[in-house]
Structures are given as structure tokens and as C-alpha cells.
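**Student:** Dropping the structure in here first, questions after.
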Amino acid sequence: FLGRLDLLQEHIEDTGQNYWDAIAIFRGIGDNRGLANSLRYSGDMDLRQARYKRALSGYQEALPISQTIGDRLRQSYILRGLGGVKAQLGPLADARHYYRAALALYRDIRDPIGLGHTLRSLGNLDSCESLLPAARANYGEVLAISKESGDHLGELDTLKSFGDLEMREHRFAVAKQNYDSSLSYRPVIGGLLGEANAVKALTDLNRRQA
């Protein structure tokens, strides 16, 4: 039985069914930490696959459990996930609330990676609401944190976000500089989604300037 639990945790991202198996098992044996973890992982997968209402349900169940057991790191992940769901479903004010709650925890527990990712999400939300100075300030903080912590993927993604922001303000030369800088991380991190997004953005920019 314990071997099955270990196997589920080790291969938890293989299929959605594994998540639900783990959730049922942890719920059955009263393991709140395992239950909160599995609900959070399930929520993350549902969020990535645009199953927003199911992600919301999982996160909402996981949050009070993680609060009860005092797992502040898990709380920060769940709050960031709730922000991501609300950024899609609305209201955006709720997304901002969850992101800020996650930021407070990340700052308190000194998790620079989580802090940077959440600040970038908040910057993206600012950009969506045309709060461009606020977005620029958040991206600037993310870039500084990513450089200091050695988070090269964070730098790539943030430079790409800066490029998108410059595109919105029709500062095409500066946008190209940011996209090019983003792609300079290719030898460091390999072929990842962020690189593909930067290439697509640069291609779109070249078309607009043609």
C-alpha cells in the first residue's frame, strides 16, 4: 500500500487519473499533507489544460487544509494557482488579491523563484488591464530577482514580457532588443516553451515592420 503511494507521488504527473487515485487514497487514510499536495498538483494540471472550474475546486479545497497544517510554502503555491484561475475566469480583482497574498508569503519565506513567477503573473495582469507603468515595475523587479537567483528561464520569460509591453507602446526597436536578449539564453536553458514564444514574438515583430 505504501509502495503504491510512493509510486503515485513519483509519477503523479503521468495522467490525470493518478491525481485522483492519490487524492482518494490520501483522503481515505486521513493524510492531510498528502491530500493538500495532490489537490494542488491536480489544480496545476487542470490550470495548464484550461480546466479552470475544476482547478478552482481543487485549489479551494487544498487551501484551508494547507492553512490548518501550517504548510506556508504549499499555501503560496495554491494562492498563486488561484490567481491564475481567476485571471482566466474573473473577476480580475480576485486574481490580484490571490497574487498579492502569494507574494506576501513568498517574501516571508524567502522563496525568490516563487516570488519572481508571481510578480510576473501580476505584471501580466497589469498589462491586460492596461496598467503599463505597474506592469513595467513588476517586470523590472522580476528581472532583478531572476538575475540574482540564477533563474535563467525566469529571465527569458521576463525579457519576452518586456518585449510584449514595448510592442503595445509601439516601441518596436526596444521590443526587438528584449526579444533578442531573451533568445540569448538559448544555450543556457535549451529548447523550452519560453524560447518558442520569443521566436514567435520576434517573427510577428518582423512582419509588422516589413
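The values are calculated or read from the model by the stated rules, or taken from the named source; none is laboratory data. These numbers come from a predicted model, not from an experiment. All Cβ positions, glycine included, derive from the backbone under ideal geometry; neighbour counts span all protein chains shown. Just the protein is used for accessible areas: all its heavy atoms, side chains included, with ligands, DNA and RNA removed. Shrake-Rupley method; radii C 1.70, N 1.55, O 1.52, S 1.80 Å.
**Student:** Can you give me the number of residues within segment 21-56 that are open to solvent by less than 70 Å² (accessible area, probe 1.4 Å), in a helix (DSSP H, G or I) and under 21 Å from residue 85 (Cα atoms)?
**Tutor:** Count: 17.
**Student:** Right, something else. Among the numbered criteria (1) under 22 Å from residue 161 (Cα atoms); (2) among the aromatic types (Phe, Trp, Tyr); (3) in contact with a Leu (Cβ under 7 Å, 6 or more places away or on another chain), which single criterion is violated by residue 77?
**Tutor:** So residue 77 meets the others, but not (3).
**Student:** Of the conditions (1) open to solvent by 30 Å² or more (accessible area, probe 1.4 Å); (2) over 23 Å from residue 153 (Cβ atoms); (3) in a helix (DSSP H, G or I); (4) not acidic (Asp, Glu), residue 74 satisfies every one except a single condition; which number is it?
**Tutor:** (2)
**Student:** When segment 177-189 is examined, which residues are found to be modelled with pLDDT under 90 and either open to solvent by 30 Å² or more (accessible area, probe 1.4 Å) or in contact with a Cys (Cβ under 9 Å, 6 or more places away or on another chain) (or both)?
**Tutor:** 180, 181, 184, 185, 186, 187, 188, 189
**Student:** Is there any pair linking a residue in segment 23-42 that is closer than 17 Å to residue 70 by Cβ to one that is assigned to a helix (DSSP H, G or I) and open to solvent by 60 Å² or more (accessible area, probe 1.4 Å), with Cβ under 6 Å and at least six apart or on different chains, and which?
**Tutor:** Partner pairs satisfying both residue conditions: 35/27; 39/61.
**Student:** Going through segment 86-95 one residue at a time, which ones are without any contact (Cβ under 8 Å) to a residue 12 or more places away in the chain and either outside any helix (DSSP H, G or I) or under 14 Å from the mean Cα position of the chain (by Cα) (or both)?
**Tutor:** Scanning segment 86-95 gives 90, 91.
**Student:** Let me ask you something else. With the requirement that a residue be among the charged types (D, E, K, R), surrounded by 15 or more Cβ atoms within 10 Å (Cβ to Cβ), more than 10 Å from the chain's Cα centre (by Cα) and farther than 12 Å from residue 76 by Cβ, what does segment 96-134 give you? Let's see the steps before the verdict.
**Tutor:** Quick first cut of segment 96-134, residues among the charged types (D, E, K, R) only: 96, 100, 107-108, 110-111, 120, 126, 129.
Going one step further and asking which of them are surrounded by 15 or more Cβ atoms within 10 Å (Cβ to Cβ), we end up with 96, 111, 120, 126.
Among the residues that remain, those that are also more than 10 Å from the chain's Cα centre (by Cα) are: 96, 111, 126.
If the condition is that a residue be among the charged types (D, E, K, R), surrounded by 15 or more Cβ atoms within 10 Å (Cβ to Cβ), more than 10 Å from the chain's Cα centre (by Cα) and farther than 12 Å from residue 76 by Cβ, then 96, 126 are the ones that fit.
**Student:** Here's a follow-up. Within segment 64-85, take every residue that is of a type in the set (A, V, I, L, M) and within 17 Å of the chain's Cα centre (by Cα) and give me the one that is nearest to residue 20 (Cα to Cα).
**Tutor:** 78
**Student:** If you don't mind, another one. Could you list, in sequence order, the residues of segment 38-86 that are over 18 Å from residue 104 (Cβ atoms) and of a type in the set (S, T, N, Q)?
**Tutor:** 38, 42, 49, 57, 60, 68
**Student:** Still on this structure, I have one more. Looking only at segment 77-95, how many residues end up being within 19 Å of residue 39 (Cα to Cα) and surrounded by fewer than 19 Cβ atoms within 10 Å (Cβ to Cβ)?
**Tutor:** Result for segment 77-95: 0.
**Student:** Can you confirm whether residue 9 is touching a helix residue (DSSP H, G or I) at 6+ places or on another chain (Cβ under 8 Å), among the polar types (S, T, N, Q) and modelled with pLDDT of 95 or more?
**Tutor:** no
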